[in-house]
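The values are calculated or read from the model by the stated rules, or taken from the named source; none is laboratory data. This is a predicted model, so every value here is computed, not measured. Every residue, glycine as well, gets a Cβ built from its backbone with ideal geometry; the counts of neighbours run over all protein chains shown. Note: accessible area is taken over every heavy atom of the protein model, side chains too, but ligands, DNA and RNA are not part of it. Shrake-Rupley method; radii C 1.70, N 1.55, O 1.52, S 1.80 Å.
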Amino acid sequence: MLTSTPFPKSFASDNHAGVHPAVMAAVTEANTGDAPAYGGDRWTREAEDAFRAEFGDRATVYPMFNGTGANVVGLSLLLRPYDAVLCPVSAHINTSECGAPERLLGTKLVPLAAEDGKISADDVRGQLSALGNVQHSQPRVVSISQATECGTCYTADEVAELAEFVHAHGLFLYMDGARLANAAAGLGCSLRALTTDAGVDVLSFGGTKNGAMGAEAIVILNPELDASALFLRKQAMQLASKMRFVSVQLTALLTGELWRENAAQANAMARRLADGVTGLPGVSLRYPVQSNSVFPVLPEKAIAELQQRYLFHVWDADERVVRWVTSFDTTAEHIDAFLADIRLAVQAAVGA
């Protein structure tokens, strides 16, 4: 019998976590008096300065409400009506955005096989024969996720190699950075090293999964792509009237590298969880643990038993793979209590 109380801590998503106290305090501080709407406020200017400090002087930032909206706006900067986006088959834009890019942009997504969520120049090369063929949507954008939906991370060199290949063939490199903070913390590098310096053209920056109340951003690193961003953001319904409350969350995360502190905590707890299940009978890890997600293979009965007490998703029912995600406020006590119940559930399932 499991030992913990029902649903003590969610491992379903870092979206389930609360708001970091520093972010909440920043929102409260911004809630003083009147301020110009639609980004004409000082908090949005401060956010722009904070992003330039992280990503370089040529970076421009546009705060957004959510990740899907940010991806739609970011991709819209790069696409013509007859273009295609090449992405891993597991990409969030392909699996978890209800067809938003196709519906709202009219673009075609071309999913590429990716065992660990990552694609390389060789994967893209096989799609380039469509270039110039009037019968085919034209490859225009390569989209990668950092960290990937499988919890793996591209190194700076891997991003740079892909960017060099993509640009050599007249394409753009887009990064879905919903968990960019976790990747940078896990790799021990700056945000800029994985983006600006590596040749990314446009990225979404995730705040909500990293301690914000609800704040994402589009960061444009290729200045030639900036001209239409203001209008496309409005068309995509991502222009906040009281933008100060979105912007101030992002500034709070970037101040004093709170983003890194939060991501490092989440990553460390994922590692603690992965280490704790290693060696259990009938348990293995599907992907390397490089960020804040763990993908174990569990006995089927153990999955059913654990889901009576904990929130988490089944990633692949046929292969008995589940996904556990940790967050900035996951503690060692949360992990150790979960591990105690995992061991009981696995032992009962294996012994049955």
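Key figures
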read-out: Pick from region 204-239, criterion open to solvent by less than 10 Å² (accessible area, probe 1.4 Å) and among the small types (G, A, S), ranking: farthest from V27 (Cα to Cα); value: A229
read-out: Criterion: open to solvent by less than 50 Å² (accessible area, probe 1.4 Å), among the hydrophobic types (A, V, I, L, M, F, W, C) and on the phi < 0 side of the Ramachandran plot - qualifying residue of V289, V314; value: V289
read-out: Selected residue [touching a strand residue (DSSP E or B) at 6+ places or on another chain (Cβ under 7 Å), over 13 Å from S76 (Cα atoms) and of a type in the set (A, V, I, L, M, F, W, C)] from L203, L253, L221, L258; value: L221
read-out: Top-ranked residue in region 34-73 [being of a type in the set (A, V, I, L, M) and touching a helix residue (DSSP H, G or I) at 6+ places or on another chain (Cβ under 6 Å); ranked as farthest from R244 (Cα to Cα)]; value: V72
read-out: Odd one out for N31 among (1) buried (at least 18 other Cβ atoms within 10 Å of the Cβ); (2) over 17 Å from the mean Cα position of the chain (by Cα); (3) among the polar types (S, T, N, Q); value: (1)
read-out: Given (1) under 18 Å from the mean Cα position of the chain (by Cα); (2) surrounded by fewer than 20 Cβ atoms within 10 Å (Cβ to Cβ), index of the condition G276 fails; value: (1)
read-out: Residue under evaluation L180, criteria (1) more than 25 Å from Q138 (Cβ to Cβ); (2) in contact with a Gly (Cβ under 6 Å, 6 or more places away or on another chain); (3) not β-branched (V, I, T), criterion not met; value: (2)
read-out: Filter result for A26 (of a type outside the set (D, E, K, R), out of contact with any His (no Cβ under 9 Å at 6 or more places or on another chain) and either at pLDDT below 95 or not in a loop (DSSP other than H, G, I, E, B) (or both)); value: yes
read-out: Selection within region 200-237 - aliphatic (A, V, I, L, M) and closer than 17 Å to H20 by Cα; value: A212, M213, A215
read-out: Qualifying residue in region 8-17 (condition: within 30 Å of S291 (Cα to Cα), open to solvent by 20 Å² or more (accessible area, probe 1.4 Å), part of a loop (DSSP other than H, G, I, E, B) and in contact with a Ser or Thr (Cβ under 7 Å, 6 or more places away or on another chain)); value: yes
